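Peer 1: Below is one structure. I have some questions about it.
Quick note: the coordinates plus some simple rules give every number you see, no bench work behind them. These numbers were taken from a predicted model, which means no experiment stands behind them. Backbone-built Cβ (ideal geometry, glycine too); neighbour counts: all protein chains shown.
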Amino acid sequence: MSIYKKPEDELKFREFLKNPIRLFGWVFPLFFVIILLLGIYFVTNLNQISFNQQIAGLADTTNVKKEIELKKGSVSSPVDLKQIKNPSPDFIANGKKIFETTCISCHGEKGSGDGTAGAMLNPKPRNFTATSGWTNGRNIDQMYKTLQEGITKNGMAAYEYLQAADRLAIISYIRTFTSFPEVTDEQVESLDQTYQLSKGKVQPNQIPVSIAENKLIEENSTFNEQLLRFESKINQSQGNAGADILKENSLDYKKVFTSFSRFGADKNLDNYVSIVIADPVNSGFSPAVVQLSKEEWKMLYDYLKSSTL
């Protein structure tokens with residue numbers, strides 16, 4: 001009897017179910033074809049698949065305009081540095097007066113952080129009699145930094161609008177509530193170097209970005225209107241010697257108009273000529289303009305002056 005099985009004429013699927021491993025020979029080619037088709041699809045659509053179509057979750061910060069407050073400029077008077085380390089009674093009294101009008105509502109009469117306006121604040125206003133928990137620290141330079149810049153996360157406003165001496169007077173008064181670290185010469189020197197206390201400081205006016213943009217647009221619009229009138233006068237000028245000299249020697253009417261408005265209108269002829277000769281191209285003229293005679297310069301200057309009014 002032969003040990004080899006006789007090849008079957010027909011597939012018996014019930015036998016496959018009894019012995020599933022026999023299906024492998026049939027399933028493997030089908031599995032290979034599926035993998036091959038998926039690979040072909042991936043390669044042919046690689047660019048589209050790799051393209052990031054996900055909507056960004058973060059805002060585009062390049063289009064975010066940080067607005068600033070409208071503030072009037074000021075001049076800070078020089079500070080007597082001796083008052084920082086050894087404040088006089090009058091200096092401290094001034095600090096008390098300012099404290100009672102600007103600080104007492106939140107920090108309380110004794111600086112314990114129990115003012116009526118601070119009852120609903122979270123975190124609570126600073127208790128000046130406590131020695132721990134100070135965000136910037138209890139040294140005098142650190143306290144000055146707090147008044148200068150504020151602490152936004154704690155609801156502490158900045159008081160940079162006060163005179164430097166007034167801020168230091170407030171700090172001197174606060175330091176009478178309890179024992180504070182001694183003021184050192186190094187701290188006084190650091191304050192002076194950082195904030196120029198002994199020299200005083202000029203704080204320029206500050207306007208919001210939106211107002212500044214509108215101002216620039218308005219000024220640019222006025223400039224364009226004046227430039228159009230200037231060019232129109234040149235094109236309509238007939239038989240004017242000054243206009244003819246300008247037409248023959250100019251490269252750019254806009255530069256001529258700009259340079260004359262900045263350097264020529266409020267100066268005399270000789271000054272304007274020296275400016276143009278020093279850099280004729282940036283002044284809107286061809287280099288040949290340096291060869292003009294004094295009479296020609298006079299006619300050109302008079303024409304520009306009448307045309308830019």
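Peer 1: In Å and from the alpha-carbon atoms only, list the Rg and Dmax of the range 128-200.
Peer 2: 12.0, 34
Peer 1: Computed over the Cα atoms of the range 182-257, what is the ratio Rg over Rh, Rh following Kirkwood?
Peer 2: Values: Rg = 26.0 Å, Rh = 17.7 Å.
With Rh from the inverse mean 1/r over Cα pairs, Rg/Rh is 1.46.
Peer 1: Take the Cβ-Cβ distance between S105 and K71 as r, set R0 to 25 Å, and report the resulting FRET efficiency rounded to the nearest 0.05. Numbers along the way, then the final one.
Peer 2: Working: r = 23 Å, r/R0 = 0.90.
Calculated transfer efficiency: 0.65.
Peer 1: Please give the FRET efficiency for L38 paired with T184, using the beta carbon to beta carbon distance and R0 = 45 Å, rounded to the nearest 0.05. Intermediate results must be reported in sequence, preceding the final value.
Peer 2: On the way: r = 75 Å, r/R0 = 1.66.
Computed FRET efficiency for L38 and T184 comes out at 0.05.
Peer 1: Still on this structure, please answer the following. Given R₀ = 30 Å, what would the calculated FRET efficiency be for E248 paired with L216, taking r from the Cβ atoms and rounding to 0.05? Working shown, then result.
Peer 2: Values: r = 35 Å, r/R0 = 1.16.
With R0 = 30 Å, the Cβ-Cβ based efficiency is 0.30.
Peer 1: Next question. In the range 201-301, if every C-alpha pair distance is counted and binned at 5 Å from zero, what percent goes to each bin?
Peer 2: 2, 12, 18, 21, 15, 10, 8, 6, 4, 3, 0, 0
Peer 1: While we're here: Placing unit charges on C-beta atoms (Lys and Arg positive, Asp and Glu negative, everything else neutral), compute the dipole magnitude of the range 93-147 about its Cα centre in debye, rounded to 20.
Peer 2: Details: 7 positive and 4 negative charges, 17 e Å.
Dipole about the Cα centre, nearest 20: 80 debye.
Peer 1: Which GluC sites (Glu not before Pro) in the range 67-133 sit in a loop by DSSP (not H, G, I, E or B) and have at most 16 other Cβ atoms within 10 Å of their own Cβ? Mind showing how you got there, number by number?
Peer 2: Working: sites: E67, E69, E100, E109; in loops: E67, E69, E109.
When the GluC sites (Glu not before Pro) of the range 67-133 are filtered for loop state and at most 16 Cβ neighbours within 10 Å, E67, E69, E109 remain.
Peer 1: Can you give me the Rg/Rh ratio for the range 80-204, using Cα atoms for both radii and the Kirkwood formula for Rh? Show your work: numbers first, answer last.
Peer 2: Details: Rg = 13.9 Å, Rh = 14.8 Å.
Answer for the range 80-204: 0.94.
Peer 1: Once you place label points 7 Å from the Cα toward the Cβ at K153 and L81, how far apart are they in nm?
Peer 2: If labels sit at K153 and L81, their model points lie 3.3 nm apart.
Peer 1: Okay, next question. Local charge sum around L292 (other residues, Cβ-Cβ under 14 Å, Lys/Arg +1, Asp/Glu -1)? It would help to have the intermediate numbers written out before the result.
Peer 2: Working: positive: K247, K294, K298; negative: D244, E248, D270, E295, E296, D302.
For residues surrounding L292, the net value is -3.
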